[in-house]
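Reading through the structure tokens given below for one structure.
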Amino acid sequence: MKYFDNFSAHEPSKGDLLISEPFLPDSNFERSVILLCEHDENGSFGFVLNDLSALKLEEVIEDGAGLIDELFVGGPVQQDTLHIIHRCGDKIQGSQKVNDNIFWGGDFEELIFQLNTKQINQSDVRFFLGYSGWSSGQLMDEINAKSWIVYKQPTSHQIFDLDASSLWRIILKEMGGKFKMFASYPSDPRMN
């Protein structure tokens, strides 16, 4: 089962998605979808998958011209840092496995070289400025407060191939039931 039919607290795992509830009052995470790259007793971190940056990669790194069209804001923490997720597996040394087909980090210079020489496809890599982070217990407190819906183990297709600007709605519709209704809620509840 990919989803849960109620809002009771479900412990997330590395590789899960966090889907913000429709009216989350935090502007950093409004209608966001976050890939959770780490979740343990020390805390949690991940990247917002559907917040495109106004910047281009070539404005952030010297060798970035023509490599990747989209640069994402991974979250409000350390937005002066650059991070990557990919589905290239062992092609990028030092990568950390998030789930079956999704990895984060790795040898940055090797990644740039492989993108430049077309050994890996642009569509298999996402770049993020900053990240989203929670201290020990903080994320579970937010889940218990019904701020987040936990979506278990998404596919690499959902992460890399679906339209980022529609990802929040697409995932909720795929979940079905009342989550499908959430996907139709207006951004401003007064417009309903």
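DSSP beta bridges fully contained in the chain are about 90 percent antiparallel. Its Cα gyration tensor gives region 42-102 an equivalent ellipsoid, and the semi-axes of that ellipsoid, as √(5λ) in whole Å with the largest first, are 21, 17, 11. With a simple spin-label model that places each label point 7 Å from the Cα along the Cα-to-Cβ direction, the separation between residue 80 and residue 136 comes to 2.9 nm. For region 17-185, lysine pairs with C-alpha atoms less than 22 angstrom apart, excluding pairs fewer than eight positions apart on the same chain, total 9.
Direction-averaged projected area, Cα convex hull, region 1-116: 8.8 nm², rounded to one decimal. Using R₀ = 25 Å, calculate the FRET efficiency as 1/(1 + (r/R₀)^6) where r is the Cβ-Cβ separation of residue 90 and residue 69; round to 0.05. It comes to 0.45. If one puts a single equal scatterer on every Cα of region 17-185 and applies the Debye formula without solvent, what log₁₀ I(q)/I(0) results at q = 0.14 Å⁻¹? Taken in order of the listed q values, log10 I(q)/I(0) reads -0.72. Which Cα, out of 22, 156, 82, lies furthest along the positive dipole direction of region 17-185 (beta carbon charges, K/R +1, D/E -1)? Of 22, 156, 82, it is 22. Karplus-derived 3J(HN,Hα) values for region 57-73, using 6.51 cos²θ - 1.76 cosθ + 1.60 with θ = phi - 60°, are 4, 5, 7, 9, 10, 4, 8, x, 4, x, 7, 9, 7, 10, 10, 10, 8 Hz; glycine and proline are entered as x. For the chain, relative contact order (Cα pairs under 8 Å, six or more residues apart, normalised by length) works out to 29 percent.
Would you mind working out the magnitude of the charge dipole of the chain relative to its Cα centre, with +1 at each Lys and Arg C-beta and -1 at each Asp and Glu C-beta, to the nearest 20 Debye?
Details: 16 positive and 29 negative charges, 174 e Å.
With only Lys, Arg, Asp and Glu charged at Cβ, the dipole is about 840 debye.
Other residues with beta-carbon under 15 Å from the beta-carbon of residue 111 carry, at +1 per Lys or Arg and -1 per Asp or Glu, a net charge of -3. Relative protection proxy for 124-132, 60-68, 108-116, 81-89, from highest mean packing down: 124-132, 81-89, 108-116, 60-68 (other beta-carbon atoms within 10 angstrom).
Sorted by average packing, counted as other Cβ atoms within 10 angstrom per residue and highest first, what order do 170-182, 147-159 take? Each step should come with its number before you reach the end.
Values: 170-182: 16.4, 147-159: 18.6.
Result, highest mean Cβ count within 10 Å first: 147-159, 170-182.
Computed from the C-beta positions of residue 184 and residue 155, the FRET efficiency with R₀ = 22 Å rounds to 0.40.
Take residue 108, project a point 7 Å from its Cα along the Cβ direction, then tell me which residues of region 128-152 have their backbone nitrogen under 20 Å from it. Answer for this model: 128-133.
All of the numbers you see were taken from the coordinates with simple rules; none came from a lab. The model shown is predicted, which means the values in this text are computed figures rather than measured ones. Ideal geometry is used to build each Cβ from the backbone, glycine not excepted, and the neighbour counts take in all protein chains shown.
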